[in-house]
Amino acid sequence: MAVVKNPTVLRRLRYGNVERVLQVLRRQGPSSRADVGTATGLSRTTLSGIVGQLLADGVVTEEPAGPPSGRGRPVHRLTLNPRSAQAVGIEVGRERITVAIANAAHEVTAFAGTHHALRSPDREQAGAALELLRNLAAREGIDLAGLGGVGIGTPGPGDTTERRRTVADAVAEALDVPVLADNNTRLAALGEAIWGAARGAGDALHVTLSYGIGGGLVAGGLLFRGARGAAGELGHISVDPDGARCWCGGHGCLEQVAAVPALLRAAGRRSWGRFTQALADGEEAERAAVERAAHAVGRALAAASSTADPRRVVIGGELAELGPVFLGPVENAFRHYTPTRVHRGVELVPAALGERSGALGALALVFHESPLLAGYSTQDTAARDTEADGTSDAEAAATHAS
């Protein structure tokens, strides 16, 4: 994961205190300064400084709660400003850029997407993302002045790629805020866990079957990366040990069988649109390619699930959009190759967020990990809160990790 603009310890502590104040306002709604001070335990001086900055940035507003009683001063209440952006999520995908904006209450308030030229320069992609963000904020009347952090998803394996660093640096420089960047399919997994098909599952495995194959593993509602940022890279599970050598160094990788280019090659097609039309018309070559891909995907998911033991498996991307003709054989193969103790307790479901998943996952990345905000919650904390208020594991993690 690329992290830009790492703050000092003192700055991190201050922003941790800022988040404590915002957390109280999210949970309690409009509150007096005294109520916020009691809930956070912050001194009057510290709280006054934080509230003053939040008011100046437009993140919160303060209004009288009513006329004064007796000789006392009127009580003012602090309220989160729904028109102020606190976090932005950006996905710079293969041919499309998407942007999502969330306010201090962690509510997603705006979303937009646009196509960009395939293989356009990295800084040009960053510029297009910034232009899309600013136009969206202007159209929706959203103030970016109080922006606390940006999450960015880009293609590419592992923790860092040159493209990811370049795009993150350009956005950080333009907006003067901390930027966190990660693989876009891992962020799609996080987005589905918080807002989409894996919501409430807590533990989920996600695979995106597109022009490449990527995935992500969410444990307890939190994104799991592994030692080198490759956790969930399902595209390079070997499904055919005697298969051709892959660019990754392996042999017979899933991506060589079940990515869009592999299906196009198998059927002798040049475009995905023509492939899907021929499949709908019952053409044998297309059906054979889909069946082979589905069997390979089911087998790979079985291998991953036997190790990760997820509660839910989410399948996204162009192949998932084929519907039952693909998802049915995937599930059959998955059940066949997965041990009974595992497959009895796991659900296979199609992704729900579509093109929004990567940008929403980038938002979740900011809420979970931004140096401006508090760090991950512990499993024990999430579990206690879940039992107390009835929220799901993923919802608890989304709330308390921020």
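The values are calculated or read from the model by the stated rules, or taken from the named source; none is laboratory data. Computed from a prediction, not measured in an experiment: that's the story for all the values here. Counting neighbours? That spans all protein chains shown, and the Cβs are built from the backbone with ideal geometry, glycine included. Heavy atoms of the whole protein, side chains included, go into the accessibility calculation; ligands, DNA and RNA do not. Shrake-Rupley method; radii C 1.70, N 1.55, O 1.52, S 1.80 Å.
Between Arg123 and Glu291, full extension at 0.36 nm per residue minus the direct alpha carbon distance yields a gain of 56.5 nm. Of the solvent-accessible surface of the stretch 124-243, computed with a 1.4 Å probe over protein heavy atoms with every protein chain present, carbon and sulfur atoms account for 49 percent.
Summary of the geometry: the stretch 69-131 and the stretch 328-344, compared by the centres of their Cα atoms, lie 40 Å apart.
Expressed to the nearest 5 percent, the antiparallel share of DSSP beta bridges inside the stretch 185-319 is 70 percent.
Once you list every other residue whose beta carbon is under 9 Å from the beta carbon of Glu355, what net charge do they have if Lys and Arg are +1 and Asp and Glu are -1? Mind dumping the intermediate values first?
Values: positive: Arg96, Arg356; negative: Glu91.
It works out to a net charge of +1.
In bins 5 Å wide, starting from 0, what share of all Cα pairs of the stretch 80-203 does each bin hold, as a percent? Taking every Cα pair in the stretch 80-203, the percentages come to 2, 11, 21, 24, 21, 14, 6, 1, 0. Charge tally around Phe275: other residues with Cβ under 15 Å, Lys/Arg +1 each, Asp/Glu -1 each, net -1. What percentage of the solvent-accessible surface of the stretch 262-376, computed with a 1.4 Å probe over protein heavy atoms, is contributed by carbon and sulfur atoms? It is 45 percent, rounded to a whole number.
What the stretch 101-153 shows is 44 Å² of accessible area per residue, with the surface traced by a 1.4 Å probe over protein heavy atoms.
Report the local net charge at Gly317: Lys and Arg +1, Asp and Glu -1, summed over other residues whose C-beta lies under 15 Å from its C-beta. Once all neighbours under 15 Å are counted, the net charge is -4. Measuring only protein heavy atoms, the 1.4 Å probe finds Trp272 accessible over about 40 Å². With 10 Å bins beginning at zero, the pair-distance distribution over Cα atoms of the stretch 231-279 amounts to 27, 43, 27, 3 %.
When averaged across all projection directions, what area in nm² does the alpha-carbon convex hull of the stretch 26-145 cover? Walk me through the intermediate numbers first.
Values: hull surface 37.7 nm².
Across all orientations, the stretch 26-145 yields a mean hull projection of 9.4 nm².
With protein chains left intact and a 1.4 Å probe, residues in the stretch 200-263 average 36 Å² of accessible area per residue.
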